[in-house]
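Each remark here refers to the structure printed beneath this line.
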Amino acid sequence: MGDVREEWVVLAGSSHPELASSLAQSLGSRLVHRTLDRFPDGEQRVQLRDDVRDREVYVVQSLIAPIGDHLLELLLLADACRRGGAKQVTGVIPYLAYARQDRREVEGMPLGARVVADALGGALDRLISVDLHSAGVEGCFSLPVEHVSCAALLADAVRPGSAEAVVVSPDLGGAKRAERFARALGLPVAIIHKSRRSGSEVSVQGVVGEVEGRAAIIVDDIVSTAGTIEAAVGALLGAGATKDITVCATHGLFVGPAGDRLRPLPIRRIVVTDTLPRSPSAPAITEVISTAALVAETIRKLHGAK
Ligand code: R5P
């Protein structure tokens, strides 16, 4: 196969085969042929169709819905690689579900991020993930974790034409992320004080920072139901920001009411990455930036290659 790198191979789970293909292309490596099927009772049945003996295998699986099925499929694929004699099995999980459960909010809850980390730890040698929800998530893993940051990629994509803009974190948890963006763009930062009422409802207590008369660039890691963005836009307009609003986030889940919430808002641009397949609920203006080259660069660095 010409210049194809045979020592590294990419194995695609069913959640995001497009990203797996782009990654294989960026790496100059090949995709492992595999069958993903089910037994009549619903059990998943996976089978590798290529030899992975002595290969470094990169299994690409984003943990989108159905999350449990995709997680189990990844574990089965990793086990098949291990039993097939792979040299090392790395999970490339650009979007890691359960990462938001990195602490117990109330008594009686599990530490979801730790449960997922333990399951992955039994199957993988290493994990590559993109913009984890918090620094604490990495601590849930006993595996080595390569944490890819999209901050520079996204900051470049949303760089405004004028200096009359402000970078906004829609909650306290994202303050550090927004500060990094603001520094990269040479702009001031504002932080919204948000509290969550339920999985899809949030309320805003106030905006800290100067937003009046400014265009706003709202930076978050995830847009899920878009309750956070809807509340942030309302708070910014209420505090005098202009209607020139950009939303940028690494993981564009766009689930449930997200599309209906976002469409009526005065948002000029929505920029997300391809850590997930494009959701049918994403508003038409949504721009998607590829992370394949960044992940490929991380893999090359791991091998000391250019
Ligand atoms: C919360 O801590 C995250 O950083 C996001 O702000 C949140 O997950 C977004 O969820 P939603 O779009 O449902 O408000």
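Rule-based calculations on the coordinates, nothing more; no lab input. Source: prediction; values computed, not measured. Here the Cβ positions follow ideal geometry from the backbone for every residue, glycine too, while neighbour counts run over all protein chains shown.
Laid out as a table, the results:
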item	result
Mean Cβ neighbour count within 10 Å, used as a protection proxy, ranking 206-217, 57-68 highest first	57-68, 206-217
Cα pair distances in the stretch 208-285, grouped into 5 Å bins until the bin that holds the longest one, percent each	3, 16, 30, 26, 14, 8, 3, 0
Radius of gyration and Dmax over the Cα atoms of the stretch 36-87, both given in Å	11.7, 34
Counted charge near D50, where neighbours are those whose Cβ lies closer than 13 Å (Asp, Glu -1; Lys, Arg +1)	+2
Cβ crowding within 10 Å averaged over residues, with 81-92, 123-134 ranked highest first	123-134, 81-92
Sum of side-chain charges, T286 neighbourhood, beta-carbon under 15 Å (Lys, Arg +1; Asp, Glu -1)	+1
Surrounding net charge for V272, when Lys and Arg each add one and Asp and Glu each subtract one, Cβ distance under 13 Å	-3
For the chain, fraction of C-alpha pairs farther apart than 23 Å, in %	57
Furthest towards positive pole of dipole, A231, L31, F181, structure part the chain, Cβ charges	F181
Ranked packing of 41-48, 265-272, most packed first, by mean Cβ within 10 Å	265-272, 41-48
Between helix 112-121 and the chain: long-axis angle, C-alpha atoms, 0 to 90°, nearest 10	30
